[in-house]
Amino acid sequence: MKSLGVERILREFKDQNNFMEVQTSGSTGVPKIIKIEKSHMRASAQMTLDFLGLQKGNKALLCMSPAHIGGIMMMMRAELGDLNLTIVEPSARPLENLEGNFDFVAMVPYQVAASIDDLHRIKKLIIGGGPISPDLEDQLRNLPNEIYHTYGMTETISHIAMRRVNGSDNETFKTLPGIEIYLDERGCLVINAPALGVKDLATNDLVELKSADSFVWLGRHDNVVNSAGVKLHPESIEKKIGDIGYPYFLAGVQDTKFGESLVMVVESDEPMEFETIKNHFQALGKYEIPKQIFTVPKFVMTESGKLNRKETLNRIAQ
(Lines give C-alpha, C1' and ligand atoms only; values in the text may rest on other atoms or scores of the structure.)
Protein backbone atom coordinates (compact mmCIF):
# COMPACT_ATOMS: atom_id res chain seq x y z
CA MET A 1 0.00 0.00 0.00
CA LYS A 2 1.29 3.46 -0.92
CA SER A 3 -0.26 6.69 0.31
CA LEU A 4 -0.37 9.80 -1.86
CA GLY A 5 2.51 11.23 0.18
CA VAL A 6 4.67 8.18 -0.52
CA GLU A 7 3.86 8.26 -4.24
CA ARG A 8 4.82 11.94 -4.42
CA ILE A 9 8.13 11.40 -2.65
CA LEU A 10 9.04 8.43 -4.85
CA ARG A 11 8.40 10.61 -7.91
CA GLU A 12 10.56 13.37 -6.47
CA PHE A 13 13.40 10.91 -5.85
CA LYS A 14 13.51 10.18 -9.58
CA ASP A 15 12.84 13.61 -11.10
CA GLN A 16 15.51 15.90 -12.55
CA ASN A 17 15.78 18.24 -9.57
CA ASN A 18 18.95 18.03 -7.49
CA PHE A 19 17.13 18.75 -4.22
CA MET A 20 13.96 17.99 -2.28
CA GLU A 21 11.90 20.26 -0.05
CA VAL A 22 11.37 18.90 3.48
CA GLN A 23 9.43 20.35 6.41
CA THR A 24 11.13 20.54 9.82
CA SER A 25 9.30 19.08 12.82
CA GLY A 26 8.70 22.30 14.75
CA SER A 27 9.83 20.80 18.06
CA THR A 28 12.15 23.74 18.80
CA GLY A 29 10.56 26.47 16.73
CA VAL A 30 8.11 27.26 13.93
CA PRO A 31 8.03 24.47 11.30
CA LYS A 32 9.72 25.54 8.08
CA ILE A 33 10.51 24.17 4.64
CA ILE A 34 14.18 23.56 3.85
CA LYS A 35 15.85 22.33 0.66
CA ILE A 36 18.09 19.25 0.89
CA GLU A 37 20.32 18.03 -1.90
CA LYS A 38 19.56 14.50 -3.04
CA SER A 39 23.28 13.65 -3.09
CA HIS A 40 23.41 14.48 0.63
CA MET A 41 20.33 12.33 1.28
CA ARG A 42 21.96 9.40 -0.50
CA ALA A 43 25.12 9.87 1.56
CA SER A 44 23.07 9.85 4.79
CA ALA A 45 21.18 6.74 3.71
CA GLN A 46 24.43 4.93 2.89
CA MET A 47 25.87 5.82 6.31
CA THR A 48 22.93 4.13 8.03
CA LEU A 49 23.04 1.09 5.75
CA ASP A 50 26.74 0.67 6.50
CA PHE A 51 26.44 1.33 10.25
CA LEU A 52 23.71 -1.29 10.65
CA GLY A 53 25.13 -3.74 8.13
CA LEU A 54 21.92 -3.91 6.11
CA GLN A 55 21.97 -6.06 2.98
CA LYS A 56 20.13 -6.20 -0.35
CA GLY A 57 16.75 -7.89 0.04
CA ASN A 58 16.45 -7.25 3.80
CA LYS A 59 12.84 -6.70 4.86
CA ALA A 60 12.17 -3.14 6.04
CA LEU A 61 9.01 -1.42 7.26
CA LEU A 62 7.95 2.19 6.73
CA CYS A 63 5.44 3.07 9.45
CA MET A 64 6.30 6.76 9.96
CA SER A 65 4.83 9.77 8.23
CA PRO A 66 6.27 10.39 4.75
CA ALA A 67 5.81 14.11 5.35
CA HIS A 68 8.92 14.37 7.54
CA ILE A 69 12.57 13.46 7.26
CA GLY A 70 12.32 10.19 9.24
CA GLY A 71 9.85 8.66 6.80
CA ILE A 72 11.51 10.15 3.73
CA MET A 73 14.89 8.70 4.68
CA MET A 74 13.44 5.22 5.27
CA MET A 75 12.35 5.30 1.63
CA MET A 76 15.75 6.58 0.52
CA ARG A 77 17.53 3.78 2.43
CA ALA A 78 15.24 1.20 0.86
CA GLU A 79 15.88 2.60 -2.63
CA LEU A 80 19.65 2.83 -2.20
CA GLY A 81 20.09 -0.46 -0.35
CA ASP A 82 17.58 -2.38 -2.50
CA LEU A 83 15.63 -3.33 0.63
CA ASN A 84 12.26 -5.07 0.48
CA LEU A 85 10.09 -2.25 1.86
CA THR A 86 6.59 -2.72 3.30
CA ILE A 87 4.59 0.51 3.69
CA VAL A 88 1.75 0.99 6.18
CA GLU A 89 -0.17 4.03 7.39
CA PRO A 90 1.37 5.49 10.57
CA SER A 91 -0.34 4.16 13.70
CA ALA A 92 0.45 3.38 17.32
CA ARG A 93 0.82 -0.36 16.59
CA PRO A 94 2.04 -0.72 13.00
CA LEU A 95 2.94 -4.43 13.34
CA GLU A 96 -0.50 -5.39 14.64
CA ASN A 97 -2.00 -6.40 11.30
CA LEU A 98 1.20 -7.55 9.61
CA GLU A 99 2.63 -11.06 9.42
CA GLY A 100 6.25 -12.16 9.57
CA ASN A 101 9.46 -10.57 10.80
CA PHE A 102 11.42 -7.52 9.68
CA ASP A 103 15.16 -6.89 9.45
CA PHE A 104 14.91 -3.11 9.82
CA VAL A 105 12.23 -0.76 11.20
CA ALA A 106 12.22 2.88 12.35
CA MET A 107 9.66 4.07 14.92
CA VAL A 108 8.98 7.03 17.18
CA PRO A 109 8.88 6.38 20.94
CA TYR A 110 5.08 6.22 21.26
CA GLN A 111 4.94 3.51 18.58
CA VAL A 112 7.64 1.52 20.38
CA ALA A 113 5.80 1.76 23.70
CA ALA A 114 2.53 0.59 22.14
CA SER A 115 4.25 -2.23 20.21
CA ILE A 116 6.38 -3.65 23.01
CA ASP A 117 4.92 -7.17 22.62
CA ASP A 118 5.72 -7.24 18.89
CA LEU A 119 9.28 -5.89 18.97
CA HIS A 120 10.78 -9.40 18.97
CA ARG A 121 9.77 -9.53 15.30
CA ILE A 122 12.27 -6.78 14.44
CA LYS A 123 15.96 -7.60 14.05
CA LYS A 124 17.22 -4.00 13.99
CA LEU A 125 15.05 -1.17 15.36
CA ILE A 126 15.94 2.51 15.33
CA ILE A 127 13.96 4.95 17.48
CA GLY A 128 13.87 8.65 16.61
CA GLY A 129 11.75 11.75 16.97
CA GLY A 130 12.26 12.40 20.69
CA PRO A 131 13.61 11.17 24.03
CA ILE A 132 12.83 7.68 25.31
CA SER A 133 11.15 7.66 28.73
CA PRO A 134 12.97 5.92 31.61
CA ASP A 135 10.17 3.35 31.85
CA LEU A 136 10.44 2.47 28.16
CA GLU A 137 14.24 2.29 28.42
CA ASP A 138 13.84 -0.31 31.18
CA GLN A 139 11.48 -2.39 29.04
CA LEU A 140 13.86 -2.32 26.08
CA ARG A 141 17.11 -2.92 27.94
CA ASN A 142 16.92 -6.71 28.11
CA LEU A 143 15.44 -7.44 24.68
CA PRO A 144 17.69 -9.57 22.45
CA ASN A 145 17.37 -7.63 19.19
CA GLU A 146 19.44 -4.59 18.18
CA ILE A 147 17.69 -1.43 19.40
CA TYR A 148 19.16 2.02 18.76
CA HIS A 149 18.10 5.51 19.81
CA THR A 150 19.05 8.02 17.14
CA TYR A 151 20.28 11.60 17.36
CA GLY A 152 19.68 14.03 14.53
CA MET A 153 17.37 16.59 12.97
CA THR A 154 16.01 17.58 9.59
CA GLU A 155 19.03 19.85 9.01
CA THR A 156 21.39 16.86 9.38
CA ILE A 157 19.19 14.74 7.07
CA SER A 158 17.95 12.43 9.83
CA HIS A 159 20.38 10.97 12.38
CA ILE A 160 24.14 11.47 12.62
CA ALA A 161 24.64 9.31 15.73
CA MET A 162 23.09 6.31 17.49
CA ARG A 163 23.27 4.72 20.92
CA ARG A 164 22.54 1.04 21.59
CA VAL A 165 19.64 1.15 24.06
CA ASN A 166 20.13 -2.48 25.08
CA GLY A 167 23.93 -2.41 24.93
CA SER A 168 26.60 -2.34 27.62
CA ASP A 169 27.05 1.46 27.31
CA ASN A 170 23.49 2.54 26.70
CA GLU A 171 23.94 6.28 27.33
CA THR A 172 26.66 7.02 24.78
CA PHE A 173 25.87 8.07 21.21
CA LYS A 174 28.35 6.92 18.56
CA THR A 175 28.63 9.06 15.44
CA LEU A 176 28.19 7.58 11.99
CA PRO A 177 31.26 7.44 9.69
CA GLY A 178 32.39 10.83 8.37
CA ILE A 179 30.76 12.87 11.15
CA GLU A 180 32.91 15.33 13.15
CA ILE A 181 31.72 16.84 16.45
CA TYR A 182 32.92 19.41 18.98
CA LEU A 183 31.48 21.75 21.65
CA ASP A 184 30.79 25.47 21.46
CA GLU A 185 31.23 27.94 24.33
CA ARG A 186 27.82 26.98 25.75
CA GLY A 187 28.74 23.30 25.94
CA CYS A 188 26.41 22.52 23.02
CA LEU A 189 27.15 20.09 20.22
CA VAL A 190 28.47 21.40 16.90
CA ILE A 191 28.38 19.11 13.86
CA ASN A 192 30.54 18.90 10.75
CA ALA A 193 29.43 16.44 8.07
CA PRO A 194 30.91 17.30 4.64
CA ALA A 195 29.12 14.44 2.88
CA LEU A 196 25.79 15.82 4.15
CA GLY A 197 26.54 19.45 3.31
CA VAL A 198 26.67 20.30 7.02
CA LYS A 199 29.38 22.71 8.22
CA ASP A 200 29.73 23.96 11.80
CA LEU A 201 26.05 23.38 12.60
CA ALA A 202 25.56 24.65 16.15
CA THR A 203 22.78 22.80 17.97
CA ASN A 204 21.01 23.62 21.24
CA ASP A 205 21.87 20.21 22.66
CA LEU A 206 24.08 20.17 25.75
CA VAL A 207 26.33 17.12 25.62
CA GLU A 208 29.32 15.58 27.35
CA LEU A 209 31.98 14.52 24.84
CA LYS A 210 33.31 11.05 25.63
CA SER A 211 35.70 10.89 22.65
CA ALA A 212 36.17 12.40 19.20
CA ASP A 213 33.22 10.34 17.92
CA SER A 214 30.97 9.78 20.93
CA PHE A 215 28.93 11.81 23.40
CA VAL A 216 26.29 11.66 26.13
CA TRP A 217 23.22 13.86 25.66
CA LEU A 218 22.41 16.01 28.73
CA GLY A 219 19.43 18.03 27.53
CA ARG A 220 18.37 21.10 25.57
CA HIS A 221 20.12 24.39 26.28
CA ASP A 222 16.79 26.19 25.95
CA ASN A 223 15.31 23.93 28.65
CA VAL A 224 18.01 24.63 31.26
CA VAL A 225 16.55 26.05 34.48
CA ASN A 226 18.66 28.62 36.36
CA SER A 227 17.36 28.48 39.92
CA ALA A 228 19.21 30.71 42.41
CA GLY A 229 22.33 30.43 40.26
CA VAL A 230 22.18 26.62 40.02
CA LYS A 231 21.81 25.31 36.47
CA LEU A 232 19.45 22.34 36.28
CA HIS A 233 19.04 20.03 33.27
CA PRO A 234 15.38 18.84 33.26
CA GLU A 235 15.97 15.89 30.90
CA SER A 236 18.80 14.53 33.06
CA ILE A 237 16.70 14.88 36.22
CA GLU A 238 13.79 13.10 34.50
CA LYS A 239 16.08 10.10 33.98
CA LYS A 240 16.79 10.04 37.73
CA ILE A 241 13.08 10.22 38.61
CA GLY A 242 12.07 7.47 36.20
CA ASP A 243 8.51 6.30 35.63
CA ILE A 244 5.77 7.75 37.86
CA GLY A 245 2.83 6.08 36.17
CA TYR A 246 1.84 9.17 34.16
CA PRO A 247 3.47 11.11 31.30
CA TYR A 248 5.34 14.12 32.69
CA PHE A 249 8.17 16.56 32.10
CA LEU A 250 10.16 19.08 34.13
CA ALA A 251 10.51 22.75 33.24
CA GLY A 252 11.33 26.15 34.67
CA VAL A 253 8.88 28.89 35.53
CA GLN A 254 9.60 32.45 36.62
CA ASP A 255 10.12 32.86 40.36
CA THR A 256 10.49 36.22 42.12
CA LYS A 257 12.84 34.76 44.73
CA PHE A 258 15.01 32.32 42.74
CA GLY A 259 14.70 33.75 39.21
CA GLU A 260 13.35 30.41 38.03
CA SER A 261 12.03 27.39 39.87
CA LEU A 262 11.81 23.80 38.70
CA VAL A 263 8.29 22.40 38.32
CA MET A 264 6.80 19.10 37.19
CA VAL A 265 4.02 19.02 34.59
CA VAL A 266 1.95 15.80 34.58
CA GLU A 267 -0.58 14.68 31.96
CA SER A 268 -3.59 13.76 34.06
CA ASP A 269 -7.27 14.65 34.46
CA GLU A 270 -6.89 14.69 38.23
CA PRO A 271 -4.73 16.97 40.42
CA MET A 272 -1.60 15.26 41.73
CA GLU A 273 -0.35 15.79 45.25
CA PHE A 274 3.36 16.06 46.05
CA GLU A 275 3.05 13.35 48.70
CA THR A 276 1.79 10.88 46.11
CA ILE A 277 5.04 10.78 44.16
CA LYS A 278 7.68 12.11 46.55
CA ASN A 279 9.26 8.64 46.83
CA HIS A 280 10.35 9.06 43.19
CA PHE A 281 12.49 12.02 44.24
CA GLN A 282 14.79 10.10 46.58
CA ALA A 283 17.70 10.02 44.11
CA LEU A 284 17.54 13.77 43.51
CA GLY A 285 19.79 16.47 44.87
CA LYS A 286 18.43 19.33 46.96
CA TYR A 287 17.91 21.69 44.01
CA GLU A 288 16.58 18.99 41.67
CA ILE A 289 13.33 18.37 43.56
CA PRO A 290 10.38 20.08 41.78
CA LYS A 291 8.93 22.98 43.74
CA GLN A 292 5.41 22.51 42.32
CA ILE A 293 3.38 19.94 40.41
CA PHE A 294 0.91 21.02 37.71
CA THR A 295 -1.48 18.76 35.82
CA VAL A 296 -2.94 19.21 32.34
CA PRO A 297 -5.48 16.92 30.63
CA LYS A 298 -3.35 16.68 27.48
CA PHE A 299 0.15 17.77 26.49
CA VAL A 300 0.54 19.97 23.42
CA MET A 301 2.33 18.03 20.66
CA THR A 302 3.96 19.16 17.43
CA GLU A 303 2.62 18.04 14.06
CA SER A 304 5.25 15.27 14.00
CA GLY A 305 4.20 13.94 17.40
CA LYS A 306 6.88 15.47 19.63
CA LEU A 307 6.17 17.06 23.01
CA ASN A 308 5.91 20.85 22.81
CA ARG A 309 7.06 21.87 26.29
CA LYS A 310 6.76 25.60 25.69
CA GLU A 311 3.16 25.56 24.48
CA THR A 312 2.12 23.14 27.23
CA LEU A 313 3.56 25.54 29.81
CA ASN A 314 1.73 28.43 28.15
CA ARG A 315 -1.57 26.62 28.65
CA ILE A 316 -0.82 26.30 32.35
CA ALA A 317 -0.06 30.02 32.53
CA GLN A 318 -3.34 30.82 30.81
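The values are calculated or read from the model by the stated rules, or taken from the named source; none is laboratory data. Because the structure is predicted, anything quoted here is derived from the model rather than measured. With ideal geometry, Cβ positions are generated from the backbone for all residues, glycine too; neighbour counts draw on all protein chains shown. For the accessible areas, the whole protein counts, side chains as well, though only heavy atoms, and no ligand, DNA or RNA atoms are used. Shrake-Rupley method; radii C 1.70, N 1.55, O 1.52, S 1.80 Å.
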Determine which lysines satisfy two conditions relative to residue 35: a Cα distance under 21 Å, and not lying fewer than 8 residues away in the same chain. 14, 199
List the residues, sorted by chain then number, that are 5 or more residues from residue 123 or on another chain and whose placed amide H is less than 5 Å from its amide H. 102, 103, 104
R0 of 41 Å, Cβ-Cβ distance residue 210-residue 38: FRET efficiency to nearest 0.05: 0.80
With each label point set 7 Å from Cα along the Cα-Cβ vector, what nm distance links residue 16 and residue 114? 4.3 nm
For residue 7 and residue 283 in the same chain, what is the full-extension length gain: residue separation times 0.36 nm, less their Cα-Cα distance, in nm? 94.3 nm
Which whole-angstrom value gives the distance between the alpha carbon centres of segment 210-276 and segment 126-142? 18 Å
State the label only: which of [x] 1.02; [y] 0.93; [z] 1.17 corresponds to Cα Rg over 2.2 N^0.38 Å computed from the shown model? [x]
If each K or R counts +1 and each D or E counts -1, the residues other than residue 176 whose Cβ falls under 10 Å of its Cβ total -1
Counting only DSSP beta bridges with both residues in the chain, tell me the antiparallel percent, nearest 5. 65 percent
For residue 316 and residue 246 in the same chain, what is the full-extension length gain: residue separation times 0.36 nm, less their Cα-Cα distance, in nm? 23.5 nm
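Could you compute Rg(Cα) / (2.2 N^0.38 Å) for segment 121-237, with N its residue count? Don't jump to the answer; show the numbers that get you there.
Details: Rg = 14.8 Å, N = 117, 2.2 N^0.38 = 13.4 Å.
This ratio for segment 121-237 stands at 1.10.
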Can you give the FRET efficiency to the nearest 0.05 for residue 295 and residue 254, using r as the Cβ-Cβ distance and R₀ = 35 Å? 0.95
Hey, any idea what % of the chain's accessible area is carbon plus sulfur with a 1.4 Å probe? 48 percent
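Subtracting the Cα-Cα distance from 0.36 nm times the residue separation, let me have the gained length for residue 171 to residue 135 in nm, one decimal.
Details: separation 36, 0.36 × 36 = 12.96 nm, distance 1.48 nm.
Between residue 171 and residue 135, full extension yields 11.5 nm more.
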How much space per residue, in cubic angstrom, does the convex hull of the C-alpha atoms of segment 237-318 take up? 107 Å³
Please give, to one decimal in nm, the separation of the simple spin-label points placed at residue 228 and residue 274, each 7 Å out from Cα toward the Cβ. 1.3 nm
